[in-house]
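The values are calculated or read from the model by the stated rules, or taken from the named source; none is laboratory data. Not measured: the values here are computed from a predicted model. Heads up, the Cβs are rebuilt from the backbone with ideal geometry, glycines too, and the neighbour counts pull from every protein chain shown. Each accessible area value is taken on the protein alone, full model and side chains, heavy atoms only, with ligands, DNA and RNA left out. Shrake-Rupley method; radii C 1.70, N 1.55, O 1.52, S 1.80 Å.
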Amino acid sequence: MIDQLGGPVFWVLVVLAVAMLAVAVVLAVKLVRTYRMLRSEDTPAGDKLLFWGAIVYTVFPVDLLPDPIYLDDIGLLLGALHHLGKAAAKRGTDARTPAPRDGDHTPPARPAKRL
């Protein structure tokens, strides 16, 4: 009886591990996209450190929980995304648009007027 349950239980665990890995990868990609916001010089060093710390923790093999369990990675990535999104909103920047570079003197595009 135990041998019969071992196969399905194993595959359920494999599917759960792959699903958690997929969620962690999606969150890491979203966090990397917020890097555009961090390119400006007025971004506090703490926000930059939070970004790099979250990326390193997610990639580094030594975690609080063993690597097939990505719940700690997902939690850290969600917390970092939440904090960096609030920081971007507070500064009035949008994480989806790149920050101007040092030599770029092009004024930002204005939104279209509503009629």
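Computed 3J(HN,Hα) for the stretch 31-48, one whole-Hz value per residue from the Karplus formula 6.51 cos²θ - 1.76 cosθ + 1.60 where θ = phi - 60°, is 5, 5, 5, 6, 4, 4, 5, 7, 6, 6, 6, 7, 6, x, 4, x, 5, 5, glycine and proline marked x.
Taking all Cα pairs closer than 8 Å and separated by 6 or more residues, the relative contact order of the stretch 1-88 comes to 39 percent.
Which value, in debye to the nearest 20, describes the size of the charge dipole of the stretch 17-73 about its Cα centre when Lys and Arg Cβ atoms bear +1, Asp and Glu Cβ atoms bear -1, and nothing else is charged?
Approximately 280 debye in magnitude.
Remark: the stretch 70-84, residue by residue, has Karplus-estimated 3J(HN,Hα) of 9, 5, 5, 5, 5, x, 5, 5, 4, x, 5, 4, 4, 5, 5 Hz, where x stands for each Gly or Pro and the curve is 6.51 cos²θ - 1.76 cosθ + 1.60 at θ = phi - 60°. Heavy-atom accessible area for Val9, with the other protein chains in place and a 1.4 Å probe, reaches approximately 80 Å².
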